[in-house]
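Here the structure comes first, spelled out in structure tokens, and everything after it is commentary.
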Amino acid sequence: MNRFIWPLLAFVALLVLLAVGLSLNPRDVPSPLVGKPAPQFSLPLLQAPEQTFSPSEMRGKVWLLNVWASWCVTCRQEHPLLVDMAKKQTVPLIGLNYKEVRGDGSIDLAKLPPGSEKRQVIERAGAWLAQHGNPYTLSVLDIDGRVGIDYGVYGVPETYLIDKEGIIRLKHTGPITAEIVSGKLLPMIADLSK
Amino acid sequence: MSRLLLILFLALLVCSGPSVRAGEAAPLVADEATEKRLVAISSELRCLVCQNESLAGSQADLANDLRREIRSLIKAGKSDSEIMSFMVERYGDFVRYRPPLKGSTLLLWFGPAVLLVIVLLTLLRYLRQRERTIAAQAMTASEQQQATALLRDTDPRQGTS
């Protein structure tokens, strides 16, 4: 009996290790930005491109930054949740429209008439929000994805929770789900809003 | 025979089709030193979109953006370690193929070696124990006699008795 107990235990340990490994999400890379100040930027607004928005304007408020694009399929999946949150007016939700035109694999940037990218970005992003509903307090345009790099964006959609001092408290990569909203986002927002 | 060769030749032609039709290689970039450094740095970095590809080898959109970013950092006169920390600040240690040695990565660096030592020690202990058991179960004189008799009986050179 004793002869078999150790190989069996080793086997069970291996099984547990592999099961844990399989259940982990490889896209869930811990972000080094959590606990650090949200990178500053100044980007044009979708609704009023001659104006700009900067995260410093949100000082003293708990807010969400959501990275989205009309070509992003999983954004559609999480969109109803965002619309729902916006209706309840939980916290300001700022949209970061990420590489609206050049991120779309079906568009060859080199073939676009020069200088037309920004106009196309505004048209496409605006049309998408008109169709699916606009949960954003405002959306800013990250046309070339440069601000996305500062925020470590690597898979749209991504959502950041930023506190009153402008510190990133949570980063979620991929579509948010109802469980994440009720289990993580709302409790954290309530805690940070105190 | 010649027919077989022809078929082989045709098959080869079909297989090499796409590369025959592919465009010419892009001309070498003007600044060769920058490109060399770019390749050296980006080979050390992981593309976060296709996690098993390096930033140098990936054709993902983000990899293109990041290579462009690294190129402009090189042109701005940043050192290799400055560029590395630029990437780590944004994407974490995971972006490096060789993570730094620190508390949270100790298991990653030494885990396999520790595991090997444990396995070797276990094996050694098992072998010693087995040796001891064999030595402890030495045959008695009568058993020895029985064994020799059996061996003699079945030895073909002795013939059947």
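The values are calculated or read from the model by the stated rules, or taken from the named source; none is laboratory data. No experiment lies behind these values; they were computed from the predicted model shown. Positions of Cβ are generated from backbone atoms using ideal geometry, with glycine treated the same way; all protein chains shown enter the neighbour counts.
Which of the residues belonging to segment B:60-100 are loosely packed, with under 15 Cβ neighbours inside 10 Å and within 22 Å of the chain's Cα centre (by Cα)?
Result: B:TYR97, B:ARG98, B:PRO100.
Report yes if B:SER54 is in contact with a strand residue (DSSP E or B) (Cβ under 9 Å, 6 or more places away or on another chain) and more than 13 Å from every other protein chain (Cβ to nearest Cβ), otherwise no.
Yes, satisfied.
Hey, among B:VAL20, B:VAL39, B:VAL49, which residue is within 30 Å of A:VAL156 (Cα to Cα), modelled with pLDDT under 90 and either out of contact with any helix residue (DSSP H, G or I) (no Cβ under 6 Å at 6 or more places or on another chain) or assigned by TED's automatic domain parsing to the domain that holds B:MET87 (or both)?
B:VAL49
Looking at (1) more than 16 Å from A:ASN134 (Cα to Cα); (2) touching a residue at least 40 places away in the same chain (Cβ under 8 Å), which is the one condition that is false for A:LEU9?
Condition (2) is where A:LEU9 drops out.
Kindly establish whether A:PRO49 is over 24 Å from A:LEU141 (Cβ atoms), out of contact with any His (no Cβ under 7 Å at 6 or more places or on another chain) and assigned to a loop (DSSP other than H, G, I, E, B).
no
In segment A:146-175, how many residues are among the charged types (D, E, K, R) and more than 14 Å from chain B (Cβ to nearest Cβ)?
Of the residues in that region, 4 qualify.
Of the residues A:PRO26, A:PRO30, only one is assigned to a loop (DSSP other than H, G, I, E, B), surrounded by 11 or more Cβ atoms within 10 Å (Cβ to Cβ) and either touching a strand residue (DSSP E or B) at 6+ places or on another chain (Cβ under 8 Å) or at pLDDT below 95 (or both); which?
A:PRO30
Determine if segment B:81-92 includes at least one residue that is under 19 Å from A:PRO30 (Cα atoms), assigned by TED's automatic domain parsing to the domain that holds B:GLU32 and part of a loop (DSSP other than H, G, I, E, B).
So in segment B:81-92, the residues under 19 Å from A:PRO30 (Cα atoms) come out as B:84-92.
From the residues that got through so far, the ones that are assigned by TED's automatic domain parsing to the domain that holds B:GLU32 too are B:84-92.
With part of a loop (DSSP other than H, G, I, E, B) added as a condition, the list becomes B:92.
Yes, segment B:81-92 contains a residue that is under 19 Å from A:PRO30 (Cα atoms), assigned by TED's automatic domain parsing to the domain that holds B:GLU32 and part of a loop (DSSP other than H, G, I, E, B).
Can you spot a residue in segment B:120-129 that is farther than 26 Å from A:LYS36 by Cβ, within 10 Å of another protein chain (Cβ to nearest Cβ) and either within 26 Å of the chain's Cα centre (by Cα) or not in a helix (DSSP H, G or I) (or both)?
yes
Out of everything in segment A:82-112 that is out of contact with any strand residue (DSSP E or B) (no Cβ under 8 Å at 6 or more places or on another chain) and under 18 Å from A:LEU185 (Cα atoms), what residue ends up being surrounded by the most Cβ atoms within 10 Å (Cβ to Cβ)? It would help to see each step written out before you state the result.
Step one: of segment A:82-112, the residues out of contact with any strand residue (DSSP E or B) (no Cβ under 8 Å at 6 or more places or on another chain) are A:83-84, A:87-90, A:101-112.
Narrowing further to those that are under 18 Å from A:LEU185 (Cα atoms): A:83-84, A:87-90.
Working: A:VAL83: 15, A:ASP84: 14, A:LYS87: 10, A:LYS88: 8, A:GLN89: 9, A:THR90: 18.
Among them, the one singled out is A:THR90.
Of the residues in segment A:160-194, how many are hydroxyl-bearing (Ser, Thr, Tyr), in contact with a Pro (Cβ under 9 Å, 6 or more places away or on another chain) and within 15 Å of A:PRO92 (Cα to Cα)?
0
Would you tally the residues in segment A:124-154 being in a helix (DSSP H, G or I) and either touching a Ser or Thr at 6+ places or on another chain (Cβ under 7 Å) or surrounded by 14 or more Cβ atoms within 10 Å (Cβ to Cβ) (or both)?
11
Given the conditions (1) part of a helix (DSSP H, G or I); (2) surrounded by fewer than 18 Cβ atoms within 10 Å (Cβ to Cβ); (3) more than 14 Å from chain B (Cβ to nearest Cβ), which single one is not true for A:GLY115?
In the conditions (1) part of a helix (DSSP H, G or I); (2) surrounded by fewer than 18 Cβ atoms within 10 Å (Cβ to Cβ); (3) more than 14 Å from chain B (Cβ to nearest Cβ), A:GLY115 misses (1) alone.
Answer yes or no: is there a residue in segment A:163-172 that is surrounded by fewer than 16 Cβ atoms within 10 Å (Cβ to Cβ), free of Cβ contacts under 8 Å to residues at least 24 places away in the same chain and more than 25 Å from B:CYS50 (Cα to Cα).
Checking segment A:163-172: not a single residue is surrounded by fewer than 16 Cβ atoms within 10 Å (Cβ to Cβ), free of Cβ contacts under 8 Å to residues at least 24 places away in the same chain and more than 25 Å from B:CYS50 (Cα to Cα).
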